[in-house]
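Read the figures in this text as sums done on the coordinates, not as results from a lab. Fair warning: this is a prediction, and the values are worked out from it, not measured in the lab. Cβ sites come from the backbone with ideal geometry, for glycine too, and all protein chains shown count toward neighbours.
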Amino acid sequence: MSTIYFIIAAISGFGLTVGTLLRFRKRGDLRPHQHALILSVGFFITWLASFFAPFFAPESRAPNNGAIIFGIALAISTGLMTYAIVYIVMTIMERKK
């Protein structure tokens, strides 16, 4: 049951992130900073929700302090790495134009 919660949270997070990015790209030209910021915040929230969603399953146990710290650290590091990678790639792509 907790796997289903994880899958639902992950699909919802990725869908909202892609939807938000497409909405802002449709409105106008995004700079590399804006593109990277949208994706990093979206992936941060997705990883955070996906990590903690299984704990809301009816028969799951409450997470201990180590699991909470690990989940938050994983989400933050994913968001930061996403920002750095997307910013670098988008900057390189803009220079080649």
Just checking my list (i) -0.78; (ii) -0.88; (iii) -0.70 against log10 I(q)/I(0) by the Debye sum over Cα atoms at q = 0.17 Å⁻¹ computed from this structure; which label fits? (i)
Compute the helix-to-body angle for 2-27: its Cα long axis versus the longest principal axis of the chain, expressed 0 to 90° and rounded to tens. 20
Compute the helix-to-body angle for 32-52: its Cα long axis versus the longest principal axis of the chain, expressed 0 to 90° and rounded to tens. 10
At 222 nm, what helix-only mean residue ellipticity would the chain give, in deg cm²/dmol to the nearest 500, using -39500 (n - 2.57) for each DSSP H run of four or more? -29000 deg cm²/dmol
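Once R0 is set to 30 Å, what does the formula 1/(1 + (r/R0)^6) return for the Cβ-Cβ distance between SER12 and ASN65, expressed as a FRET efficiency to the nearest 0.05? Walk me through the numbers on the way to the answer.
Values: r = 27 Å, r/R0 = 0.89.
Rounded to the nearest 0.05, the efficiency is 0.65.
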Backbone HN-Hα couplings from phi across region 71-81 [Karplus 6.51/-1.76/1.60, Hz, Gly and Pro as x]: x, 5, 5, 5, 5, 5, 5, 5, x, 5, 5
In whole percent, what relative contact order does the chain give with Cα contacts below 8 Å and a gap of six or more residues? 38
